[in-house]
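J.: Dropping the structure in here first, questions after.
What follows draws every value from the coordinates through simple rules; no lab data is involved. On a predicted model such as this, the values are computed, not experimentally measured, just so you know. Glycine gets a Cβ as well: all are built from the backbone with ideal geometry, and neighbour counts include every protein chain shown.
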Amino acid sequence: MNIPTSSSSNSSSVPGASSLPRIAVLATGGTIAGAAPDAANTSGYQAGVVGVDQLLAAVPALSTVARIAPEQIASVDSKDMTMSLWTTLAQRINTLLASDDVDGVVVTHGTDTLEETAYLLHLSVKSDKPVVLTAAMRPASALSADGPLNLLNAVTVAAYVATHAAARGQGVLVAFNNRIHSARDVVKTSTYAVDAFQSPEIGALGWVQDGRVEFQRGVVRAHTLTSEFTLASLDSPDAARPQVEIVASYAGVSRLAVDALVAAGVRGIVVAGTGNGSIHQTLQQALAEAVSRGVAVVRSSRVGSGHVMRNGAAADDALGFVSAGSLNPYKARVLLMLALAAGQTAPAALQKLFDTY
Ligand code: SIN
């Protein structure tokens, strides 16, 4: 565990351009690269249509913070994120960070699935160099677009971590609306507000403003170099990847979805339970049967904060269920996929992983 001391840097102390850190900016699309028919339109736009060069050109101050190496990895609306784009992105990041010529990576991404991509990278990047994701809630064409400042801040954070040893080793970060979050904990909490990302319960790691970066706490759980996961096992044709799906528990829920998923051969099911991961008795019976057929079942909660206590709302030991702890269903799915791909299937082994990551 590396808890960085609170410290700061100021853009006024930025060294000469040739000694600035070299930061690769990998663009994947999203609203940050979105364009609408008019500047007042912040919802009826097309995501992922503005290229990385144009995004960078909108932020001349970047040249005072880092030497930027841009790459257009994809141009997607992140609701359409695929496993294959995930593996392409993660492999490209690992390749770049293995090079002495690259000091860090910033990824521009859509907000909709950013929390999933960030956690996947947190568990699969093999470097302690900075990886910082950012995004925007308003398209590049909007009045008061938030993307340019978010991009500048993300590069500022990456440059800071690259040049301050005490700030290293925190895994993948998300810089958004002046806050710095851990990829493990950050979630999208608003459909429209520019302050759309939070780390429920434990809060942000720190903040970035006007070239100054400050970390106020560290990251405790395993990630990146201390993670046992690689993407190698997911880098296979869709049919060979462990299929993990999410079902929700709610009033009057039937067992139809679970039975269909088991019949289709899924390897894992994450249940978005009520409250402390409690599950409607009808669904719980179906999930217990799924376990007896070799399907891994993880209990998480549809509530936006808190954690799921093992053997709290369900008898996990008896039913063969795993508790997701404080991971929401979408992040729990990422970890379960990686765990299954690594050959872990026993509930006790899976629980250990959920307690570690
Ligand atoms: C997306 O996730 O690609 C679209 C929405 C957004 O970035 O805010």
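J.: Among A142, T28, S127, whose Cα sits farthest toward the positive end of the charge dipole of segment 11-226 (+1 at Cβ of Lys/Arg, -1 at Cβ of Asp/Glu, about the Cα centre)?
T.: The Cα lying farthest towards the positive end belongs to S127.
J.: Does segment 213-357 come out rounded, prolate or oblate, given a ≥ b ≥ c as the square roots of the eigenvalues of its C-alpha gyration tensor, rounded meaning a/c under 1.5 and, failing that, prolate meaning a/b above b/c? Intermediate results must be reported in sequence, preceding the final value.
T.: Numbers: a/c = 1.88, a/b = 1.23, b/c = 1.53.
Verdict is oblate for segment 213-357.
J.: Quick query: amide H of V219 versus all other amide H atoms, modeled in the peptide plane; which residues come in under 5 Å with a sequence gap of 5 or more or a different chain?
T.: Correct list: N2.
J.: Then there is this: Could you size up the charge dipole of the chain around its Cα centre, putting +1 on the beta carbon of Lys and Arg and -1 on that of Asp and Glu, and report it in debye to the nearest 20?
T.: Numbers: 24 positive and 27 negative charges, 100 e Å.
Taking the Cα centre of the chain as origin, the dipole is about 480 debye.
J.: Moving on. Measure nothing but the geometry: give the 0 to 90° angle between the long axis through the Cα atoms of 147-163 and the longest principal axis through the Cα atoms of the chain, rounded to 10°.
T.: So the helix axis and the longest Cα principal axis differ by about 90 degrees.
J.: While we're here: Taking the radius of gyration and the Kirkwood hydrodynamic radius from Cα positions alone, what is the Rg/Rh ratio for the chain, to two decimal places?
T.: Working: Rg = 20.5 Å, Rh = 20.8 Å.
That ratio is 0.99, to two decimals.
J.: Sticking with this one: Which whole-Hz ³J(HN,Hα) couplings does segment 323-339 yield from phi under the Karplus relation 6.51 cos²θ - 1.76 cosθ + 1.60, θ = phi - 60°, glycine and proline marked x?
T.: Karplus values, whole Hz, x for Gly and Pro: 8, 7, x, 9, 7, 6, x, 6, 6, 4, 5, 4, 5, 5, 4, 5, 5.
J.: Helix 347-356 versus the longest principal axis of the chain: what is the Cα-based angle in degrees, 0 to 90, to the nearest 10?
T.: Helix 347-356 and the main axis of the chain meet at about 30 degrees.
J.: Determine which aspartates and glutamates satisfy two conditions relative to K352: a Cα distance under 20 Å, and not lying fewer than 8 residues away in the same chain.
T.: D185, E228, D316, D317
J.: Between A140, A69, A264, which gets the highest mean-square fluctuation from a Gaussian network model of the chain, Cα cutoff 10 Å?
T.: Taking springs between Cα atoms under 10 Å, the residue moving most is A264.
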